[in-house]
Amino acid sequence: MTVRLPAALFALFLSGVVGAVDAKPLSRIIAEMGLSPEDYRVLDATTSSMLAGGTPSVGQERNWVNEKTGTKGTVRIRDVKDNCVHFQHFVQPSGAAPNPEIRTRQCKDASGNWILTP
């Protein structure tokens, strides 16, 4: 199962790090974090792969690297409650200090799709 996040949901994802996203376009938010669109695709693919393998377990962790940009990160499952998985993301853009921890939550809807939720 592939999880695709619309731009509006990605903005919610980033809101925990960069603050209010009301007036900022998605491209600007990504740039402020030091992530390229390709970096985000690698991060998203890593998160999706953790959800595709059945029931995720707390503590499960995967590292990712975008070979093109050198940006890297870690995705960790910090909690699983009901039909929701709570993630911790640690991202280090190439040549920059690591960003603060980013927390997200994805919940499975009635159709079995994983949806990023606030």
Note to self: Report every pair of residues separated by at least 6 positions or lying on different chains whose Cβ atoms are under 9 Å apart, first residue within the stretch 103-118 and outside any strand (DSSP E or B), second surrounded by 12 or more Cβ atoms within 10 Å (Cβ to Cβ).
What the structure shows: Asp109/Asn83; Asp109/Ile115; Asn113/Val3; Pro118/Leu12; Pro118/Ser15; Pro118/Arg105
Check: On the given criteria, is Thr69 over 15 Å from the mean Cα position of the chain (by Cα) and at pLDDT below 95?
Finding: yes
Next item on the list: Among the residues of the stretch 63-102, count how many are charged (D, E, K, R) and within 14 Å of Tyr40 (Cβ to Cβ).
Entry: 2
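Every residue in the stretch 83-118 that is of a type in the set (Asp, Glu) and at pLDDT below 90, please.
Keep residues of the stretch 83-118 that are of a type in the set (Asp, Glu), which gives 101, 109.
Of everything in the stretch 83-118, just one residue is of a type in the set (Asp, Glu) and at pLDDT below 90, namely Glu101.
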Item checked: Test: residue in the stretch 22-45 that is surrounded by 12 or more Cβ atoms within 10 Å (Cβ to Cβ), outside any helix (DSSP H, G or I), within 13 Å of the chain's Cα centre (by Cα) and modelled with pLDDT under 90 -> yes
Note to self: Return the pair list, or none, for Cβ contacts closer than 9 Å from residues in the stretch 74-85 that are farther than 16 Å from Ile102 by Cβ and among the polar types (S, T, N, Q) to residues that are at pLDDT below 95 and not in a strand (DSSP E or B), at least 6 apart or on different chains.
What the structure shows: Asn83/Asp109
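The values are calculated or read from the model by the stated rules, or taken from the named source; none is laboratory data. For clarity, every value in this text was computed on a predicted model and none was experimentally measured. Ideal geometry is used to build each Cβ from the backbone, glycine not excepted, and the neighbour counts take in all protein chains shown.
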